[in-house]
Amino acid sequence: KAIAFLASDFELPKVDIIHCHGEFEAYEVLHFALANNIPLITTFHGLQPPGMPQLALDKRAALYRYCKAVLVNTRFAQDQVISLGCPPEKVRIIPQGLPMVDFPFYARAKPKDKLRILAVGRLQRDKGHAYTLGALRRLRQQGLPAELTIVGVGSDKQRLEKLATLYGVSDCVTILQGLATEALMALYREA
C-alpha cells in the first residue's frame with residue numbers, strides 16, 4: 001500500500017494530520033500517513049461486538065506504534081485500548097456526554113399501556129439497531145406490548161425495514177429521519 005501511495009498520481013491537498021474514527025479505518029490510511037510523514041490520530045470506541053471481525057494483532061501493533069494519539073471517551077475504553085497494546089502515554093480521554101439540564105425529569109401521569117422504546121443514532125450497521133429489533137421481537141414473543149421508534153439518518157434504513165418485516169415486528173416499528181430538536185425531545189419524554 002505504501003508503494004501504491006507513493007507511486008500514485010493521485011494528489012491530495014496538503015494534509016497536516018489524519019484523524020480516524022476506528023481501528024480499521026486508521027489502519028487503512030496508516031501506509032499513506034507513513035509514506036507522507038503525516039501524524040495519525042485515531043479514536044477508539046471499543047472493540048467490535050463478539051462475532052464481528054477484529055483488527056489482526058500485527059496490524060493493531062503497527063497502528064498503535066505509529067499513532068501520535070489515541071482518543072477515548074471513558075476510563076474503561078482507556079484501559080481496554082491499553083490492554084490491546086496501545087502505549088498508555090498515547091491515550092487521551094475526551095469525555096462525551098449530554099448536558100443533563102436539557103433532559104429534566106418528567107413524572108408520568110399514568111402507566112403506559114405499552115413499553116415505548118427509543119433508539120437514537122445513525123442508521124448504519126455499527127450502531128446496532130438490528131440488535132434492538134431482535135430484542136423487540138423477543139419482547140413481543142413473550143407477550144409484552146412494546147413499540148420501537150428509531151431516529152437517525154443513514155444508509156441502513158431499508159435494511160432495517162426489511163429486518164423488521166422478517167422479524168414480524170414492522171407493525172410496531174417506526175423509523176424517523178431529520179427530526180427537529182423539540183420533536184426529538186418529545187420522543188425522549190414519551191419513551
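Every read-out reported here was derived from the displayed coordinates using simple, explicitly stated rules and does not represent laboratory data. In this text the structure is predicted, and so the values were computed from the model without any measurement. Here the Cβ is made from the backbone with ideal geometry for all residues, glycine too, and neighbour counts use every protein chain on show.
Which entries in Lys59/Lys90; Lys127/Lys162; Lys59/Lys157 show an alpha-carbon gap greater than 22 Å?
Exceeds cut-off: Lys59/Lys157.
Report the local net charge at Arg65: Lys and Arg +1, Asp and Glu -1, summed over other residues whose C-beta lies under 12 Å from its C-beta.
Here the charged neighbours net out to +3.
Around Val91, which amide H atoms from residues at least 5 apart in sequence, or from another chain, sit under 5 Å from its own amide H, with H modelled in the peptide plane?
Val70
Across the chain, where is the longest run that never hits chymotrypsin sites (Phe, Trp or Tyr not before Pro) in a DSSP loop with at most 11 other C-beta atoms within 10 Å?
On the way: sites that count: Phe10, Phe105, Tyr106.
Maximal segment without exposed cleavage sites: 11-104.
Taking the dipole about the Cα centre of the chain, with the C-beta of Lys and Arg at +1 and of Asp and Glu at -1, give me whichever of Pro104, Cys20, Leu184 is farthest to the positive side.
The residue sitting most towards the positive pole is Pro104.
Over region 104-191, what is the relative contact order in whole percent, taking alpha-carbon pairs under 8 Å and six or more residues apart?
In percent, rounded to a whole number, it is 34.
On a 0 to 90 degree scale, rounded to 10, what angle separates helix 157-167 from the longest Cα axis of the chain?
The angle comes out at about 50 degrees.
Express the C-alpha Rg of the chain as a ratio against the empirical globular expectation 2.2 N^0.38 Å, rounded to two decimals.
Normalised by 2.2 N^0.38 Å, the Cα Rg of the chain equals 1.31.
Taking H placed 1.01 Å from N in the peptide plane, check which residues at least 5 places from Leu176 or on another chain put their amide H under 5 Å from its amide H.
Close amide H contacts, sequence-distant or interchain: Ile150, Val151, Gly152.
So what's the angle, to the nearest 10 degrees on a 0 to 90 scale, between helix 181-190 and the longest Cα principal axis of the chain?
In the chain, helix 181-190 runs at an angle near 60 degrees to the longest axis.
Compute the helix-to-body angle for 129-141: its Cα long axis versus the longest principal axis of the chain, expressed 0 to 90° and rounded to tens.
30 degrees
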